[in-house]
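The values are calculated or read from the model by the stated rules, or taken from the named source; none is laboratory data. Since the structure is predicted, the reported quantities are computational estimates derived from the model, not experimental observations. As a convention, Cβ positions derive from the backbone with ideal geometry for all residues, glycine included, and neighbour counts pool all protein chains shown. Surface accessibility is based on the protein's heavy atoms, side chains included, excluding ligands, DNA and RNA. Shrake-Rupley method; radii C 1.70, N 1.55, O 1.52, S 1.80 Å.
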Amino acid sequence: GGAPEGFVQTALIAGGIGTVDLTGAPVASAFIFNPLAGPVDAGIPGAVKSKTPTVTAIAGPVTARKFAGFTSLLGGNVLVSGGVSGGAVQNSLEVFNWKTGVFESVTVAMPDGGRAQHVSTLLGDGTVLLAGGATTDPSAAAPQVTGQADVFQLGANSEGTWDGQFLQ
């Protein structure tokens, strides 16, 4: 099966901070932005039809997070890593499954503990590099940082839960 209707050439908007300063609560909402929605009929035969971008609310992440990493994966899914929730740095992962339009849990956690404001980069073989970042809330007066790096490989999905492994 392909992407649900309306998910082709769209962007995921999820998580973040609920206020304009860094101390706000993490946001638990998510949206799909479609810049190519439409077309709008101009009412003139042969006229170019314009597009009307849309933003559609969807079910939010499993864990509300701010300062998290979001990485587009080769198959169209999005890996969500770390971040801050409830004042604590998270070591958990989840996947936005583009085929179902739902965020789903990952069974493994980051081995070096939680991190926020870190690099999360897709590598050429489909793994994800998680590097650096803060090990305490980055909005604190003196956050602790790390130079540690991990490489994560997403595994299979079984009934809405993903497995995976951190490579050595």
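Here are the numbers for this structure:
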{"quantity": "Counted residues, the stretch 110-121 - those being touching a Pro at 6+ places or on another chain (Cβ under 6 Å) and open to solvent by 20 Å² or more (accessible area, probe 1.4 Å)", "calculated": "1"}
{"quantity": "Of all residues making up the stretch 83-97, the number that are among the polar types (S, T, N, Q), buried (at least 21 other Cβ atoms within 10 Å of the Cβ) and not in a strand (DSSP E or B)", "calculated": "1"}
{"quantity": "Some residue of the stretch 66-75 being in contact with a His (Cβ under 6 Å, 6 or more places away or on another chain), part of a strand (DSSP E or B) and closer than 24 Å to ALA30 by Cα", "calculated": "yes"}
{"quantity": "Some residue of the stretch 142-165 being in contact with a Pro (Cβ under 8 Å, 6 or more places away or on another chain) and over 22 Å from ALA11 (Cα atoms)", "calculated": "yes"}
{"quantity": "Selected residue (only one of THR107, THR100, THR127 is open to solvent by 60 Å² or more (accessible area, probe 1.4 Å), within 16 Å of the chain's Cα centre (by Cα) and either within 15 Å of LEU167 (Cβ to Cβ) or of a type in the set (S, T, N, Q) (or both))", "calculated": "THR100"}
{"quantity": "Flag for VAL80 being assigned to a strand (DSSP E or B), within 18 Å of ALA25 (Cα to Cα) and not hydroxyl-bearing (Ser, Thr, Tyr)", "calculated": "yes"}
{"quantity": "Any hit, the stretch 135-143, residues being modelled with pLDDT of 95 or more and touching a Gly at 6+ places or on another chain (Cβ under 8 Å)", "calculated": "yes"}
{"quantity": "Answer from ASP112, ASP163 - the residue that is touching a residue at least 24 places away in the same chain (Cβ under 8 Å), more than 27 Å from PHE33 (Cα to Cα) and not in a loop (DSSP other than H, G, I, E, B)", "calculated": "ASP163"}
{"quantity": "Criterion: within 28 Å of ASP21 (Cβ to Cβ), of a type in the set (A, V, I, L, M), surrounded by fewer than 22 Cβ atoms within 10 Å (Cβ to Cβ) and under 13 Å from the mean Cα position of the chain (by Cα) - qualifying residue of VAL80, VAL145, VAL62, VAL55", "calculated": "VAL62"}
{"quantity": "Only listed residue being surrounded by 12 or more Cβ atoms within 10 Å (Cβ to Cβ) and either of a type in the set (Gly, Ala, Ser) or at pLDDT 85 or above (or both), chosen from GLY43, GLY15, GLY1", "calculated": "GLY15"}
